[in-house]
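Notes follow the structure.
What follows is calculated from the coordinates using simple rules that are stated; it is not laboratory data. The structure displayed is predicted, hence computed values, not measured ones. All Cβ positions, glycine included, derive from the backbone under ideal geometry; neighbour counts span all protein chains shown.
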Amino acid sequence: MKILFRLAALVATVALTAGCCNCRSYQKKTRRPLVGTEWQLIQLEGRNVKADPGTFTLRLDDGGNVSGMGACNHLMGSYSTGERRALKIGPLASTKMACPNLGQEQQFLRAIEATTHYDMDGPMLLLLSNGELRAVFQAKP
């Protein structure tokens, strides 16, 4: 129920900002491309994430490969895009180092692999699974 409420609030916010000329101008100036941008996780399953620098990142390249970093493990795999912002990531592989945030890292990997679509709002990347917001990333400078 909380997730539906947060998703509804996010949709309302996006709808309000889409109608604002200054906001649209800001979104265009700050938008980053899906491919080639390094994305930093800021929210996972509705909870804010305060990640250490270099952790919980994601990057999609032109060749259909995805790479990134969890709490302490490198991740790699493939992705494909389709119509209407369809996005399929995985299967993913990762190194197997033990680290304190391993539970959060596993949740991070599950959220990424569950992705069915994406949306973008300025410098933000939203990963969705069948309409449910799973993760929010911000473009790294």
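Annotations
- Applying the Karplus relation 6.51 cos²θ - 1.76 cosθ + 1.60 with θ = phi - 60° to segment 89-106 yields 3J(HN,Hα) values of 10, x, x, 9, 10, 8, 5, 10, 6, 8, 8, x, 9, 5, x, 5, 5, 5 Hz, where x marks Gly and Pro.
- Here each label is just a point 7 Å from Cα along the line to Cβ, and for SER80 and LEU34 those points are 1.4 nm apart.
- Simple spin-label estimate for MET97 and ASP61 in nanometres, 7 Å along Cα-Cβ: 2.0
- Normalised contact order of segment 40-141, rounded percent, pairs of Cα under 8 Å and 6 or more residues apart: 26
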